[in-house]
Amino acid sequence: MLQQTSGQGQQRVLNILATKRKAERVKSNFSGAVLTSDGFVCHCVITDVSSTGVQLELPKGTELPEKFMLKTPAIPETMNVSQAWNSGNSMGVVIDAVDG
């Protein structure tokens, strides 16, 4: 976890994090559903969207495989995604493919 920093230190951390992002992110509040190959389904909230991935808020204690499918009423297609990071109830995923 990042420690609280201020002034120049905080700006440096923000600059480092910004350079690791591959696409601009937009805050969102879409409902979604996680679907796994073994039939597991759970509700999630899509809190952040970019052209390459999304950030999810999941129910406490949810464990998911490295790759799974994500569906949201916001778009008609199903997204095949891979975990990029996982921190508590939040997870970042990369969009591998979109199935129409």
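The values are calculated or read from the model by the stated rules, or taken from the named source; none is laboratory data. The structure displayed is predicted, hence computed values, not measured ones. Using ideal geometry, Cβ is built from the backbone for each residue, glycine included, and neighbour counts are taken over all protein chains shown.
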So which pairs qualify, if the first residue must be in the stretch 60-82 and in contact (Cβ under 8 Å) with a residue 40 or more places away in the chain and assigned to a strand (DSSP E or B), the second must be surrounded by fewer than 16 Cβ atoms within 10 Å (Cβ to Cβ) and among the charged types (D, E, K, R), the Cβ gap must be under 8 Å, and the two must be at least 6 apart or on different chains? Thr78/Asp99
Ser31 being at pLDDT 90 or above, in a loop (DSSP other than H, G, I, E, B) and within 17 Å of Val93 (Cα to Cα): no
Extreme residue, surrounded by the fewest Cβ atoms within 10 Å (Cβ to Cβ), among residues of the stretch 83-100 that are of a type in the set (S, T, N, Q) and in a strand (DSSP E or B): Ser87
